[in-house]
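The values are calculated or read from the model by the stated rules, or taken from the named source; none is laboratory data. As the structure is a computational prediction, the values presented were derived from the model and not from experiment. Here the Cβ positions follow ideal geometry from the backbone for every residue, glycine too, while neighbour counts run over all protein chains shown. What goes into the accessible areas is simple: the full protein's heavy atoms, side chains included, and nothing from ligands, DNA or RNA. Shrake-Rupley method; radii C 1.70, N 1.55, O 1.52, S 1.80 Å.
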Amino acid sequence: MSLTFHWFLPTYGDSRHIVGGGHGLPAGVAGGQRPASLGYLTQIARAAEQLGFEGALTPTGAWCEDAWLTTAMLARETEHLKFLIALRPGVIAPTLAAQMAATFQRHAPGRLLLNIVTGGESHEQRQYGDFLDKDARYARTGEFLSIVRDLWQGRTVDFDGEHLRVAQARLARVPAPVPPVYFGGSSAAAGEVAARFSDVYLTWGEPPAQVAEKITWIRKLAADVGRTVRFGIRLHVITRDTADQAWAEARRLLDGFSPEAIRAVQDGLARSESEGQQRMLALHGGRTDRLEVAPNLWAGIGLVRGGAGTALVGSHAEVAERIVEYQRIGVEEFVLSGHPHIEEAYWFGEGVLPRLAEAGVWRQPGSEAQEAGTEVQVPFAGRG
């Protein structure tokens, strides 16, 4: 099966340095030298589409632009790029969310993917009027997805749960196709929701051995309820013609992190309720001298940014090899980003994707080879 690659839309701004935001940071601290204008985001989306990315993740939170409105506008500026829209169940009614998905699919057929984000930080959730604690938020997410999935099947839904209630809910038009649900989380409560409702379980970029443990965990939970789940990973990338060039770029980014900035961000993230965030922090412990936590896996971004904090760093051949390593343990989809997002999309799209195509593990979306189901196995040409 061909791997799937998604890019990222930085709706909080972009820069040649790391732009933070969300996941434990105070709202309003994110900024960038390139504002997240529709024109700039269009450039990124068109570049991703041209290079062969299947879709683009659009984040949600008080620190960025609204994902639904932004992607609805960008759908008119692109031809076939899909949009992985991050959605928080605590800030929208399930029937309205199901209806919005149907509307999006009608006007941009087949181009909607949904990333369900339960919300890891109570202080941010309260800004939206959501005062549930973390475990209750996961329970509500399960109720939300139960309602939404029934509505998408054309059913009339009566639901009286602990957190959500609807009566005679029904959609005038169901989405065609039904958008796949992406979901992540490292807690026991998250695992139960993922097993029952997700199509793709997403993990942040932990070392392969830790990702393999997560995959085994979710596979078993899903099998226990008679389901199967695909797996994806969220990573940054710094890929260049040579490994020395890539690591020089990583060092340039690291040199831009002042000790005061690292300390302030780490202090904030240490208070995060997210188990996944704590796993990210544990990879580097706030130190700057032990950041390569696995071959070509650099945890430096997590020093000054919440959420996904690791990057694949190396030559194009090395990054391709690491991707194949993740594929071997069961990862099929990769949600990638880099700073700045236009330039890094081209580095990856022109440097790594052709190697993966030669290796027979990736095909350009919509290509004749993909439609015909042909596949050519070619070994990697070296570490380069």
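Contact order for the chain, expressed relative to its length and based on alpha carbon pairs under 8 Å spaced 6+ residues apart, stands at 19 percent. Which one is right for this structure if P(r) over Cα pairs in 20 Å bins from 0, in percent is calculated from it: (1) 29, 61, 10, 0; (2) 25, 43, 26, 5, 0; (3) 30, 58, 12, 0? Only one option fits the structure, namely (1). Taking chymotrypsin sites (Phe, Trp or Tyr not before Pro) in DSSP loop states with no more than 16 other Cβ atoms inside 10 Å as exposed sites, the chain has its longest site-free stretch at 132-379. Tell me, what is the FRET efficiency for A261 and E292 to the nearest 0.05, using R0 = 25 angstrom and their Cβ-Cβ distance as r? After rounding to 0.05, the efficiency reads 0.75. Taking a point 7 Å out from the Cα of S15 in the direction of its Cβ, the residues of the range 244-262 whose backbone N falls within less than 17 Å of it are 250-262. The fraction of accessible area contributed by carbon and sulfur in the range 162-279 is 50 percent, rounded to a whole number (1.4 Å probe; ligands and nucleic acids excluded). Relative to the current alpha-carbon distance between R76 and A62, full extension at 0.36 nm per residue lengthens the span by 2.5 nm.
Which net charge results when you count Lys and Arg as +1 and Asp and Glu as -1 among the other residues whose beta-carbon is under 10 Å from that of L3?
Cβ neighbours under 10 Å give a net charge of -2.
Whole-Hz Karplus values for the range 327-335 come out as 4, 5, 8, x, 7, 10, 10, 10, 9 Hz, taken residue by residue from phi with 6.51 cos²θ - 1.76 cosθ + 1.60 and θ = phi - 60°; glycine and proline positions read x. Listed by chain and number, the aspartates and glutamates whose C-alpha is less than 17 Å from the C-alpha of K134, apart from same-chain residues fewer than 8 away, are E121, E124, E143, E162, E192, E273, E275. Using R0 = 45 Å, the C-beta based FRET efficiency linking A209 and A93 works out to 0.65. Taking amide hydrogens as placed 1.01 Å from N in the peptide plane, the amide H of G205 sits under 5 Å from those of R234, G309, T310, each at least 5 positions away in sequence or on another chain.
Here the calculated FRET efficiency for Q50 and Q278, from their Cβ-Cβ distance with R0 = 35 Å, stands at 0.40, rounded to the nearest 0.05.
Were the residues from D241 through T216 laid out at 0.36 nm apart, the gain over their Cα-Cα distance would be 5.5 nm. Quick check: net charge around G185, other residues with Cβ under 14 Å of its Cβ, Lys/Arg +1 and Asp/Glu -1? Value of the local net charge: +2. With protein chains left intact and a 1.4 Å probe, residues in the chain average 41 Å² of accessible area per residue.
For the range 57-157, with all protein chains in place and a probe radius of 1.4 Å, 49% of the accessible heavy-atom surface sits on carbon or sulfur. Relative to the Cα centre, the charge distribution of the chain, modelled as +1 at Lys and Arg Cβ and -1 at Asp and Glu Cβ, gives a dipole magnitude of about 480 debye.
Each Lys or Arg adds one and each Asp or Glu takes one away; over the other residues whose Cβ falls under 14 Å from the Cβ of A62, this sums to -3.
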